[in-house]
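Participant: Below you will find the structure I want to go over with you.
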Amino acid sequence: MTQSQVQLPKRQLLQTHLLRRESIGNSYHVLTFDAPGETGPLPGQFTMIRSSEWGQAPLLSRPMSYLSGGPTPSLLVKVCGEGSARLGRAEAGEPFLLLGPLGTAWRAPDPNRRQILVAGGVGIAPLLFLAKSLAGTGKRPLLLYGGRTNRDLPLSDDAAESCQVEVTTDDGSLGHRGRVTELLERTLNDQVEVYTCGPDRMMAAVANLCFAAHVPCEVSLEAPMACGYGVCLGCAVPAALGGYMYACVTGPCIEAKAVDWERTHATFGKPAAKGEPT
Amino acid sequence: MTSQSVRIGSLVLKNPVLTASGCFGYGLEFDDFFDVSTLGGICTKGLSLKPRDGNAPHRICETPAGMLNAIGLANVGVEAFCRDKLPILRERGVTVVANIFASSVDDFVALAERLDGESGVHAIELNISCPNVTHGGIEFGRDAKMAAQVTAAVRAATKMPVWVKMSPEAGDLVGVARACEDAGADAITAINTIRGMVIDVANMRPKLANATGGLSGPALRPIAVRMVWELAGAIKIPIVGIGGITDTRDALEFLLAGASAVQVGTASFRDPCSAQTIMHGIREFCEERGCDVTELIGKARR
């Protein structure tokens, strides 16, 4: 068979603008964009985003998981560096460049299992997108949501609309005092499956609990990324089969078994910075 | 109508815009974005005899108007390239410059022999300037004698045009380039990244697992333009200019400094269609001035 001669429409950076930015306290923001031409993202996919006004510094777009899709997709931003600080200052109408949707979506939930979502801080975004997509099916997943303090749990009220929410904080200022994995351990059985997004150390701990309990576990990978579509090879994640996979094209959503968590821990597992749930 | 074609030794390119090695995969990753056969050419990810996994993460970090990378030449290996990638590139009519990397002269020769006569490969680019591997790479590029030795050995092993990619860390850049010219190189690519470093102050550790990485992006551009300028005054073979080109204006700087063609690198990470946009931009620039692109080459020198 010869190569198809059909010319598929080519993708390019979407030139769009910010519709609105909602500040939701303690350096979290929800940014909503006008993206009528964009192919609708699926829960778990991400976009590369930067403002046209950045010029050549910051140079690179930022990878961000979608918080919601459709013609006005939104993103959850935590201010932690130069790029996110600018996103946190952006005003409605500011021109933006988006490349997306990129990467893999969450695996379709098993209708015969209860979904448990395990989120750490800003990792809530792709999980909340998944939870909202389940609402139409009558499913109400359990969300185990961990943060350092009660101010590090963005969108927890919003999540209560689509999930049964249980919260943990390191300082006990809200919900269970301790780690989110302590709650997870009590809920694992052969009727559930787990989806998780958060700091690597948290995801590694979640993955290990799931392996031990023979519970299916999906993770959303995060790594520094320059391109988002598989050419810079910056976002290497140690693969269980040896070598590396790339968070942008093999992921971000992938079964936890595909990741070599021991090597991931060796390379990414520096002491958790303040504010990271562990 | 203006002519956009340029000559790099015996190789005629459709236009002066290529994509840089390490920033464009094997070209096939861009199917969704544009027809890469319209470009002057693509330089493949650096190919080694055996596949390489690359360095441990973290591999990249952003810097002011630039980025550091220490990918470690992760690649599929020359056999998988010839078997899985090249046939598709050939069928699509893509002009392919195979970038090769080895840690010994013998392995450079073996790579050149393997690629010699492979239909679809139009030139070989020697990476003697990678800053991110323990052996080979930059060691060859810093020293005129070693650079000449690799170039001569590869020259003898292939009939294909041989380009040599310079390290900005060569103490005597002109000397290294002249040695490569004398050893039979058809063109000089200038420049590769320059080593830099960022320390994560919160963790008190280098940001990159490799500690150092190659600096690319606009921050590098004035250095690259200066080096192309110096080389253009010193060697007779064509220069392929590279270093922080993000738009048409940047690319024109390199041509005016004396480069016969340019490579677009880090800019492809920001916008997969960067090289195509620059290619169109140069054509428009020439049309506005009613000149052929070759008239721009080295014009700032005259």
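Participant: Considering each of A:ARG107, A:ARG114, A:ARG89 in turn, give the residue that is surrounded by fewer than 18 Cβ atoms within 10 Å (Cβ to Cβ) and either within 14 Å of chain B (Cβ to nearest Cβ) or free of Cβ contacts under 8 Å to residues at least 40 places away in the same chain (or both).
Facilitator: Numbers: A:ARG107 fails: either within 14 Å of chain B (Cβ to nearest Cβ) or free of Cβ contacts under 8 Å to residues at least 40 places away in the same chain (or both); A:ARG114 fails: either within 14 Å of chain B (Cβ to nearest Cβ) or free of Cβ contacts under 8 Å to residues at least 40 places away in the same chain (or both).
Checking each option against the conditions leaves just A:ARG89.
Participant: Please give the strands (runs of 3 or more DSSP E) falling wholly within segment A:43-137 in which 3 or more residues are over 24 Å from B:PRO218 (Cα atoms). Before you say what the answer is, go through the steps one by one.
Facilitator: On the way: elements: A:46-51, A:62-68, A:74-78, A:95-102, A:114-120.
In segment A:43-137, A:62-68, A:74-78, A:95-102, A:114-120 are the strands (runs of 3 or more DSSP E) which contain 3 or more residues that are over 24 Å from B:PRO218 (Cα atoms).
Participant: A further question follows. When B:GLY213 is evaluated against the numbered criteria (1) under 20 Å from B:ASN99 (Cα atoms); (2) away from chain A (no Cβ under 13 Å), which criterion, by number, is the only one it fails?
Facilitator: Only one criterion is unmet by B:GLY213, namely (2).
Participant: Now for a separate question. Scan segment B:203-230 for residues that are closer than 19 Å to B:GLY72 by Cβ and of a type in the set (S, T, N, Q) and jot them down.
Facilitator: Of everything in segment B:203-230, those that are closer than 19 Å to B:GLY72 by Cβ and of a type in the set (S, T, N, Q) turn out to be B:ASN210, B:THR212, B:SER216.
Participant: Kindly provide the set of residues from segment A:217-258 that are away from chain B (no Cβ under 12 Å) and among the β-branched types (Val, Ile, Thr), ordered by number.
Facilitator: The first filter runs over segment A:217-258 and keeps only residues away from chain B (no Cβ under 12 Å), leaving A:217-220, A:240, A:250-258.
The answer is A:VAL219, A:THR250, A:ILE254.
Participant: Identify the single condition in (1) part of a strand (DSSP E or B); (2) surrounded by 20 or more Cβ atoms within 10 Å (Cβ to Cβ) that B:VAL12 does not satisfy, given that it satisfies every other one.
Facilitator: It fails just one condition, (2).
Participant: Can you confirm whether A:GLU94 is in contact with an Asp or Glu (Cβ under 9 Å, 6 or more places away or on another chain) and within 14 Å of another protein chain (Cβ to nearest Cβ)?
Facilitator: Working: in contact with an Asp or Glu (Cβ under 9 Å, 6 or more places away or on another chain): yes; within 14 Å of another protein chain (Cβ to nearest Cβ): no.
Judged against the criteria, A:GLU94 is not a match.
Participant: Right, next: Only residues that are closer than 12 Å to A:ALA119 by Cα, touching a Gly at 6+ places or on another chain (Cβ under 7 Å) and of a type outside the set (A, V, I, L, M, F, W, C): list them for segment A:149-168, please.
Facilitator: Answer for segment A:149-168, where residues must be closer than 12 Å to A:ALA119 by Cα, touching a Gly at 6+ places or on another chain (Cβ under 7 Å) and of a type outside the set (A, V, I, L, M, F, W, C): A:ASP152, A:GLU166, A:THR168.
Participant: Those residues that are farther than 13 Å from A:VAL231 by Cα, under 20 Å from the mean Cα position of the chain (by Cα) and more than 7 Å from chain A (Cβ to nearest Cβ), I need them from segment B:52-75; list them, please.
Facilitator: Listed by number, the residues that qualify are B:ARG52, B:LEU68, B:ALA70, B:GLY72.
Participant: In segment B:15-28, which residue that is outside any loop (DSSP other than H, G, I, E, B) and in contact with a strand residue (DSSP E or B) (Cβ under 7 Å, 6 or more places away or on another chain) is farthest from B:ALA259 (Cα to Cα)?
Facilitator: Taking the candidates together, the pick is B:THR19.
Participant: Further question: Between a first residue in segment B:23-39 that is among the small types (Gly, Ala, Ser) and a second residue that is modelled with pLDDT of 95 or more and in a helix (DSSP H, G or I), which pairs have beta carbons less than 6 Å apart while being 6 or more apart in sequence or on different chains?
Facilitator: Final answer for the pair search is B:GLY27/B:VAL36; B:GLY27/B:LEU89; B:SER37/B:ARG92.
Participant: Continuing with this model, one more query. For segment B:282-298, name all the residues that are small (Gly, Ala, Ser) and buried (at least 18 other Cβ atoms within 10 Å of the Cβ). Spell out the reasoning first.
Facilitator: The first filter runs over segment B:282-298 and keeps only residues small (Gly, Ala, Ser), leaving B:290, B:298.
Passing the criteria: only B:GLY298.
Participant: Further question on the same structure: Of all residues in segment B:29-44 being buried (at least 23 other Cβ atoms within 10 Å of the Cβ) and not in a helix (DSSP H, G or I), which is nearest to the chain's Cα centre (by Cα)? First the steps, then the outcome.
Facilitator: As a first pass, look at segment B:29-44 and keep what is buried (at least 23 other Cβ atoms within 10 Å of the Cβ): B:30, B:36, B:39-44.
Still in the list and also not in a helix (DSSP H, G or I): B:39-44.
Working: B:LEU39: 14, B:GLY40: 13, B:GLY41: 11, B:ILE42: 9, B:CYS43: 6, B:THR44: 9 Å.
If we take residues in segment B:29-44 being buried (at least 23 other Cβ atoms within 10 Å of the Cβ) and not in a helix (DSSP H, G or I), then B:CYS43 is nearest to the chain's Cα centre (by Cα).
Participant: Only one of B:THR19, B:THR38 is facing chain A (nearest Cβ under 10 Å) and touching a helix residue (DSSP H, G or I) at 6+ places or on another chain (Cβ under 9 Å). Can you tell me which? I'd like the intermediate steps shown before the answer.
Facilitator: Values: B:THR38 fails: facing chain A (nearest Cβ under 10 Å).
Criteria check complete, one pass: B:THR19.
Participant: Of the conditions (1) within 14 Å of the chain's Cα centre (by Cα); (2) buried (at least 24 other Cβ atoms within 10 Å of the Cβ), A:LEU155 satisfies every one except a single condition; which number is it?
Facilitator: Only one criterion in (1) within 14 Å of the chain's Cα centre (by Cα); (2) buried (at least 24 other Cβ atoms within 10 Å of the Cβ) is unmet by A:LEU155, namely (2).
Participant: Charged (D, E, K, R) and touching a helix residue (DSSP H, G or I) at 6+ places or on another chain (Cβ under 7 Å): does that describe A:ARG62? Full working, then the answer.
Facilitator: Values: charged (D, E, K, R): yes; touching a helix residue (DSSP H, G or I) at 6+ places or on another chain (Cβ under 7 Å): yes.
It is true that A:ARG62 is charged (D, E, K, R) and touching a helix residue (DSSP H, G or I) at 6+ places or on another chain (Cβ under 7 Å).
Participant: Take the conditions within 12 Å of another protein chain (Cβ to nearest Cβ), surrounded by fewer than 21 Cβ atoms within 10 Å (Cβ to Cβ), free of Cβ contacts under 8 Å to residues at least 24 places away in the same chain and within 22 Å of A:GLY121 (Cα to Cα) and apply them to A:GLY81. Does it pass? Quick ask: steps written out before the conclusion?
Facilitator: Working: within 12 Å of another protein chain (Cβ to nearest Cβ): yes; surrounded by fewer than 21 Cβ atoms within 10 Å (Cβ to Cβ): yes; free of Cβ contacts under 8 Å to residues at least 24 places away in the same chain: yes; within 22 Å of A:GLY121 (Cα to Cα): yes.
Yes, satisfied.
Participant: Of all the helices (runs of 4 or more DSSP H) wholly in segment B:111-213, which have at least 3 residues that are of a type in the set (Gly, Ala, Ser)? Step through it out loud before you land on a result.
Facilitator: On the way: elements: B:138-142, B:144-157, B:173-182.
Hits in segment B:111-213: B:144-157, B:173-182.
Participant: Separate question: How many residues are in contact with a Leu (Cβ under 9 Å, 6 or more places away or on another chain) and either under 20 Å from A:ALA223 (Cβ atoms) or of a type outside the set (D, E, K, R) (or both) if we restrict to segment B:192-209? Walk me through how you get there before you give the answer.
Facilitator: Initially, segment B:192-209 is screened for residues in contact with a Leu (Cβ under 9 Å, 6 or more places away or on another chain), giving B:193-198, B:207-208.
Add one more test, that the residue is either under 20 Å from A:ALA223 (Cβ atoms) or of a type outside the set (D, E, K, R) (or both), and what stays is B:193-194, B:196-198, B:207-208.
Residues in segment B:192-209 being in contact with a Leu (Cβ under 9 Å, 6 or more places away or on another chain) and either under 20 Å from A:ALA223 (Cβ atoms) or of a type outside the set (D, E, K, R) (or both): 7 in total.
Participant: Identify, please: which residue in segment A:32-56 is under 15 Å from the mean Cα position of the chain (by Cα) and modelled with pLDDT of 95 or more and is, among those, surrounded by the fewest Cβ atoms within 10 Å (Cβ to Cβ)?
Facilitator: Ranking the candidates gives A:LEU42 first.
Participant: For A:ALA160, indicate whether it is surrounded by fewer than 24 Cβ atoms within 10 Å (Cβ to Cβ), in contact with a His (Cβ under 6 Å, 6 or more places away or on another chain) and at negative phi.
Facilitator: On the way: surrounded by fewer than 24 Cβ atoms within 10 Å (Cβ to Cβ): yes; in contact with a His (Cβ under 6 Å, 6 or more places away or on another chain): no; at negative phi: yes.
Spelling it out, it is not the case that A:ALA160 is surrounded by fewer than 24 Cβ atoms within 10 Å (Cβ to Cβ), in contact with a His (Cβ under 6 Å, 6 or more places away or on another chain) and at negative phi.
The values are calculated or read from the model by the stated rules, or taken from the named source; none is laboratory data. The structure displayed is predicted, hence computed values, not measured ones. Cβ: placed from backbone, ideal geometry, glycine included. Neighbour counts: every protein chain shown.
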